[in-house]
Amino acid sequence: MTTDRQSDVRLRAYRSEDFPILYEIDQACFPPGVSYSQGELARFLAQRDCRAWIAEAGGRIVGFLIVERGGPTYAHIITIDVRAEWRCRGIGRTLMDAAEEWARDRRLAFMYLETAEDNVAAQQFYESRGYTKVDHINGYYANGRAAWLMVKNLAAAERIARSKQQLTTDN
Ligand SMILES: CC(C)(COP(=O)(O)OP(=O)(O)OC[C@H]1O[C@@H](n2cnc3c(N)ncnc32)[C@H](O)[C@@H]1OP(=O)(O)O)[C@@H](O)C(=O)NCCC(=O)NCCS
């Protein structure tokens with residue numbers, strides 16, 4: 001269990017009774033055709049290689065993230081959703097920190113995700129965390145919208161952070 005440094009937001013593991021709230025939040029966060037159906041969301045959450053974190057404040061679920069182990073060297077963010085009234089308080093950052101730490105612990109070198117071409121706020125959020133647009137996928141979503149495929153090299157980011165720390169210690 002971790003606590004967000006800017007507020008009393010806490011992360012915990014997903015429990016099956018959270019499902020209706022997660023579905024409600026996902027429906028509110030994304031337009032039809034980008035949001036997941038109940039069946040899709042349930043399938044991800046039931047997968048053995050998926051992990052989900054819940055962000056809670058005052059006993060209420062305010063956001064969540066689902067990640068899957070996509071292969072031997074990479075992980076895939078399925079979705080990250082923060083309730084509109086709780087955005088810009090560091091909750092998304094805290095959820096992504098947990099997912100990236102989980103991936104690093106499994107020695108996965110890359111994290112990737114897809115985000116709608118017109119979701120500029122999300123692209124800026126990911127870019128602020130070191131994700132880069134590597135491919136443009138036409139018609140990715142059920143509503144016909146295109147997506148950006150974005151990737152972060154977790155292994156390189158960790159090596160750079162370590163060598164920066166070493167430089168600070170040496171100076
Ligand atoms: C994208 C999302 C998860 C970000 O969560 P959040 O809790 O608001 O993000 P944080 O407060 O942790 O922001 C971390 C950093 O991301 C960047 N960022 C976040 N929201 C941003 C926005 N609307 N515009 C530009 N940059 C943004 C900033 O650099 C921010 O750092 P700062 O607080 O020092 O300025 C949230 O806006 C959301 O749930 N949106 C709807 C669902 C969605 O689009 N999910 C991702 C699609 S795949």
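All of the numbers you see were taken from the coordinates with simple rules; none came from a lab. Please read all numbers here as calculations on a predicted model, not as lab measurements. Backbone-built Cβ (ideal geometry, glycine too); neighbour counts: all protein chains shown.
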field: Computed over segment 58-171: relative contact order in percent, which uses C-alpha pairs under 8 Å that are six or more apart
entry: 21 percent
- request: State whether segment 1-115 is rounded, prolate or oblate according to the following rule on the C-alpha gyration tensor (a ≥ b ≥ c being the square roots of its eigenvalues): a/c under 1.5 gives rounded; otherwise a/b larger than b/c gives prolate, and the remaining case gives oblate.
  value: oblate
task: Report the local net charge at residue 73: Lys and Arg +1, Asp and Glu -1, summed over other residues whose C-beta lies under 11 Å from its C-beta.
output: +3
- line: Going from the fewest other Cβ atoms within 10 Å to the most, one would list 80, 54 as 54, 80
query: How far, in nm, would the chain grow between residue 120 and residue 158 when pulled straight, counting 0.36 nm per residue and subtracting the alpha carbon separation?
result: 11.1 nm
field: Contour minus Cα-Cα distance for residue 50 and residue 149 (0.36 nm per residue)
entry: 33.7 nm
statement: Scalar couplings 3J(HN,Hα) for segment 134-146 by Karplus 6.51 cos²θ - 1.76 cosθ + 1.60 (θ = phi - 60°), nearest whole Hz, x for Gly and Pro, are 10, 7, 10, 10, 5, x, 5, 8, 4, 8, x, 5, 7
query: Over what distance in Å are the Cα centres of segment 13-34 and segment 119-170 separated?
result: 24 Å
- prompt: Order of 26, 105, 97 from fewest to most other C-beta atoms within 10 Å?
  reply: 105, 97, 26
- prompt: Taking neighbour Cβ counts within 10 Å as the exposure measure, how do 9, 120 sort from fewest upward?
  reply: 120, 9
